[in-house]
Amino acid sequence: MFDPTDKRFFETLAALCRSELGATDPTTEAAERACRSAAPEDLRAARLALDALPDEQRLRLLRQVHHRLASDLSAIWEQFPGPQKSTARH
């Protein structure tokens, strides 16, 4: 199963790579493939492609991904457990 947090991370990364690096960049292609397949080997390939970028470029992309994820209230709320049923009796 594709963890929702991983899914958001790779979707955000793919969108940023597409706009920053272009559609045919290997990192963009790897991130988009990871989003489509969610296969462990594709997720790993996307991480390795990201790691292969020059430090400045990689860090800029990661800062942007982090900012978008940290600013997405729906993503934040999804991390909280659902409403708890009270077992207390009145």
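Laboratory data are not the source of any read-out in this text; all were calculated from the coordinates shown. Everything numeric here is computed off the predicted structure, so don't read it as measured data. Here the Cβ positions follow ideal geometry from the backbone for every residue, glycine too, while neighbour counts run over all protein chains shown.
Could you identify the single residue in R47, R36 that is of a type outside the set (S, T, N, Q), closer than 19 Å to H67 by Cα, without any contact (Cβ under 8 Å) to a residue 24 or more places away in the chain and surrounded by fewer than 17 Cβ atoms within 10 Å (Cβ to Cβ)?
Details: R36 fails: closer than 19 Å to H67 by Cα.
Exactly one residue qualifies, and that residue is R47.
Within region 34-62, which residues are under 16 Å from D3 (Cα atoms) and in a helix (DSSP H, G or I)? If you could, list the steps in order and put the result at the bottom.
First, the residues of region 34-62 that are under 16 Å from D3 (Cα atoms): 34-44, 46-47.
Of everything in region 34-62, those that are under 16 Å from D3 (Cα atoms) and in a helix (DSSP H, G or I) turn out to be A34, C35, R36, S37, P40, E41, D42, L43, R44, A46, R47.
How many residues does region 1-20 hold that are free of Cβ contacts under 8 Å to residues at least 12 places away in the same chain and either surrounded by 12 or more Cβ atoms within 10 Å (Cβ to Cβ) or in contact with a strand residue (DSSP E or B) (Cβ under 8 Å, 6 or more places away or on another chain) (or both)?
1
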